[in-house]
Amino acid sequence: MRDAPSSGYLVHLAWMCFFSTVPHGGAKVLERTFEEWMRYRDECLRRMASEPYPAGLFCNRTFDMYACWPDGSPGTAVNVSCPFYLPWFEKVKHGLVSRRCGADGQWVMVNGSQPWRDYSQCEEELEDGAEEEGARRLMVSFKVLYTVGYALSLLTLVSALLVLTVFRKLHCTRNYIHANLFASFGLRATSVMVKDALLERRWGAEVLQVADWQALLSHEAALGCRAAQVLMQYCILANHYWFLVEAVYLYKLLIGAVFSEKNYYRLYLYLGWGTPVVFVVPWMAAKYLKENAECWALNENMAYWWIIRIPILLASMINLLIFMRILKVILAKLRANQKGYADYKLRLAKATLTLIPLFGIHEVVFIFATDEQTTGILRYIKVFFTLFLNSFQGFLVAVLYCFANKEVKSEMKKKWQLWKLDHPALCCTQ
């Protein structure tokens with residue numbers, strides 16, 4: 001036997017729905033569940049208004065926020081089918097929920113104010129609940145992982161940008177390109193953290209009545225997280241196209257192409273920051289016109305998702321081809337000038353491992369495996385590696401191409417020596 005306070009039932013159901021499909025679908029399930037609940041309530045109210053009342057003593061027909069109850073005979077139990085708005089209704093559609101009508105013609109209450117009911121046959125199976133709880137905990141762990149990664153990356157990227165900006169001797173086309181790549185990573189990290197904060201604020205709001213749910217699930221309430229979603233998609237595309245710029249620039253250097261860096265840098269800016277706009281704008285229009293629900297994070301129609309996915313795939317494949325071509329050039333040069341076979345292999349391996357994060361080659365591994373197409377263990381493996389690599393990649397790139405760069409370290413060392421000469425009183429005395 002169970003009793004459930006009607007005022008808190010929607011809150012309880014909300015969290016069960018929110019984590020019923022992880023990692024991306026909980027909010028959509030909640031929205032659909034609430035819509036179905038509204039339809040169930042309206043049908044109940046219409047039925048109560050149209051049916052005639054019985055004669056004599058009886059318990060009044062009512063909707064108690066959970067189920068629709070007909071008039072009850074005193075001293076009997078009233079059974080109705082499990083409400084169809086439950087996300088797991090297909091599993092419990094033959095179950096019943098019951099209430100007791102007292103001998104005085106009043107529904108039996110708990111603590112004098114809350115309706116008593118037995119809804120044990122309408123609950124989700126314990127095994128399913130345990131499985132979803134385990135999945136929820138795993139997703140929470142993943143969130144902690146990528147939050148730490150993006151925060152660390154953002155801190156490192158901002159520091160790297162300051163270094164490349166402050167030291168004048170580091171001002172050159174190569175470092176300008178690095179700086180733009182750092183900026184795209186920084187914006188991506190910021191957009192992800194802002195989106196998460198907006199989602200937590202939205203779904204963590206106190207909800208006490210139906211009007212609060214209607215406001216929570218309204219399009220106006222989703223504007224902030226939709227804007228953050230658009231920014232995030234733009235930054236992801238910008239990431240990939242600045243990877244492409246890095247690949248094109250390095251390839252031109254290696255093959256000894258003669259070109260005006262100043263003129264080409266403007267084209268690099270258009271490619272890195274302008275190309276994403278060409279794809280994000282139609283994607284945003286498609287979402288607004290065809291899938292204007294929740295925070296635009298779900299992909300019910302994969303055709304709209306490919307508006308974003310195709311340019312990412314294209315940039316990644318071009319990067320892979322350039323990557324292979326550059327390795328071939330490096331291999332040829334190392335063979336021609338090798339001093340020792342071991343040293344030659346070490347330098348080739350170092351060049352390869354350095355280029356992979358710079359060009360985003362790891363993205364190719366899971367590029368065809370979307371979250372909607374992967375299930376079970378493969379999905380969690382894909383989610384883990386994607387979140388880990390994406391969140392910590394900014395940190396890795398900033399360290400490799402700024403703080404571990406010989407030119408940068410040399411310039412920082414010179415500045416440090418000059419600072420010590422200018423501030424002898426602050427330096428350690430022997």
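Taken residue by residue, the range 276-284 has no member that is in contact with a Ser or Thr (Cβ under 8 Å, 6 or more places away or on another chain) and under 25 Å from ALA189 (Cβ atoms). Quick check on LEU348: is it modelled with pLDDT of 80 or more and not polar (S, T, N, Q)? Judged against the criteria, LEU348 is not a match.
Yes or no: the range 17-35 includes at least one residue that is among the hydroxyl-bearing types (Ser, Thr, Tyr), open to solvent by 30 Å² or more (accessible area, probe 1.4 Å) and either at pLDDT 90 or above or in contact with a Cys (Cβ under 6 Å, 6 or more places away or on another chain) (or both). So far as the range 17-35 goes, no, none of its residues is among the hydroxyl-bearing types (Ser, Thr, Tyr), open to solvent by 30 Å² or more (accessible area, probe 1.4 Å) and either at pLDDT 90 or above or in contact with a Cys (Cβ under 6 Å, 6 or more places away or on another chain) (or both).
Those residues that are at pLDDT 75 or above, surrounded by fewer than 17 Cβ atoms within 10 Å (Cβ to Cβ) and part of a loop (DSSP other than H, G, I, E, B), I need them from the range 370-407; list them, please. Listed by number, the list holds a single entry, ALA404. When the range 64-73 is limited to residues that are open to solvent by less than 50 Å² (accessible area, probe 1.4 Å) and over 34 Å from the mean Cα position of the chain (by Cα), the one that is modelled with the lowest pLDDT turns out to be ASP64. Residue-level check: of (1) of a type in the set (A, V, I, L, M, F, W, C); (2) out of contact with any helix residue (DSSP H, G or I) (no Cβ under 7 Å at 6 or more places or on another chain); (3) modelled with pLDDT of 80 or more; (4) open to solvent by less than 30 Å² (accessible area, probe 1.4 Å), ALA222 misses just (3). Scan the range 74-87 for residues that are farther than 16 Å from ARG47 by Cβ and either open to solvent by 10 Å² or more (accessible area, probe 1.4 Å) or at pLDDT below 90 (or both) and the total you get is 7. Restricting the range 49-58 to residues that are assigned to a loop (DSSP other than H, G, I, E, B) and not acidic (Asp, Glu), the residue that is most open to solvent (accessible area, probe 1.4 Å) is TYR53. Checking each residue in the range 88-112 for being surrounded by fewer than 17 Cβ atoms within 10 Å (Cβ to Cβ), in a strand (DSSP E or B) and in contact (Cβ under 8 Å) with a residue 40 or more places away in the chain picks out only VAL110. Candidates ILE367, ILE308, ILE322: the one that is farther than 19 Å from LEU400 by Cα, open to solvent by less than 20 Å² (accessible area, probe 1.4 Å), of a type in the set (A, V, I, L, M, F, W, C) and modelled with pLDDT of 75 or more is ILE308.
Based on what the data block shows, is LEU289 modelled with pLDDT of 85 or more and surrounded by 12 or more Cβ atoms within 10 Å (Cβ to Cβ)? When the stated conditions are applied, LEU289 does not pass them. Picking from residues in the range 59-87 that are among the polar types (S, T, N, Q) and part of a strand (DSSP E or B), the one that is farthest from GLY102 (Cα to Cα) is SER81. Does the range 118-125 contain any residue that is part of a helix (DSSP H, G or I), touching a strand residue (DSSP E or B) at 6+ places or on another chain (Cβ under 6 Å) and buried (at least 18 other Cβ atoms within 10 Å of the Cβ)? Taking every residue of the range 118-125 in turn, at least one turns out to be part of a helix (DSSP H, G or I), touching a strand residue (DSSP E or B) at 6+ places or on another chain (Cβ under 6 Å) and buried (at least 18 other Cβ atoms within 10 Å of the Cβ).
The values are calculated or read from the model by the stated rules, or taken from the named source; none is laboratory data. No experiment lies behind these values; they were computed from the predicted model shown. Cβ coordinates were reconstructed from backbone atoms using ideal geometry, including for glycine residues, and neighbour counts include every protein chain displayed. Just so you know, the surface numbers come from the protein's heavy atoms only, side chains and all, with ligands and any DNA or RNA stripped out. Shrake-Rupley method; radii C 1.70, N 1.55, O 1.52, S 1.80 Å.
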